[in-house]
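Have a look at the structure below before the remarks.
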Amino acid sequence: MNTQVEVLVNGKPIKQYQHEGKTFIEARVNTEYTIKVKNSSSKRKLAVITVDGLNVISGNPHSDTDRQGYIVGAWDALEVKGFRKDMSSVGAFKFCQAGGSYCNEKGLKGNNGIIGIRVYDEVVKTVFRSPMWGSGRNRYGTEEPHYKGSSSVP
């Protein structure tokens, strides 16, 4: 797979344990963490991340049609530090007891203790436009990205 995910504490990856096709980590209460997504491919990726069943950008409950996520450039990495509050600030991720989770704080039932990531590959679609007569310019092949298909990352 060309997308890797790590949970970092103090900038260092937490050891991951595999069991029955799932990935587990040790979560120490009151410890802040970040989520790092690495893209080892020549295409951009869309990473839709949920914590406790809530989208980290919108704060809304997870849905299969939700595509609010972060673009990870080709051969690049992205570190997500918390739930987005606005365009310039985030609320830090912190391991806590189930009753103190952000989803419980919002009065929603979620997947307490679950970090979920869906990754979508970019598909570049070429759109041909008719020439703009009279303007002195011709525009033919513009590229408009969209994201299709998904792969789940443990």
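The values are calculated or read from the model by the stated rules, or taken from the named source; none is laboratory data. Not measured: the values here are computed from a predicted model. Heads up, the Cβs are rebuilt from the backbone with ideal geometry, glycines too, and the neighbour counts pull from every protein chain shown. The protein model used for the area step is the full one, side chains on, heavy atoms only, and it has no ligands, DNA or RNA in it. Shrake-Rupley method; radii C 1.70, N 1.55, O 1.52, S 1.80 Å.
Listed by position, the strands (runs of 3 or more DSSP E) inside region 1-93 whose residues that are open to solvent by 50 Å² or more (accessible area, probe 1.4 Å) number at least 1 are 3-9, 16-19, 22-25, 32-39, 70-72, 77-80, 82-86. A Cβ distance below 7 Å, combined with a sequence gap of six or more or placement on separate chains, defines the contacts here; from region 69-87, residues that are touching a residue at least 60 places away in the same chain (Cβ under 8 Å) reach residues that are outside any loop (DSSP other than H, G, I, E, B) and hydroxyl-bearing (Ser, Thr, Tyr) in the pairs 79/34.
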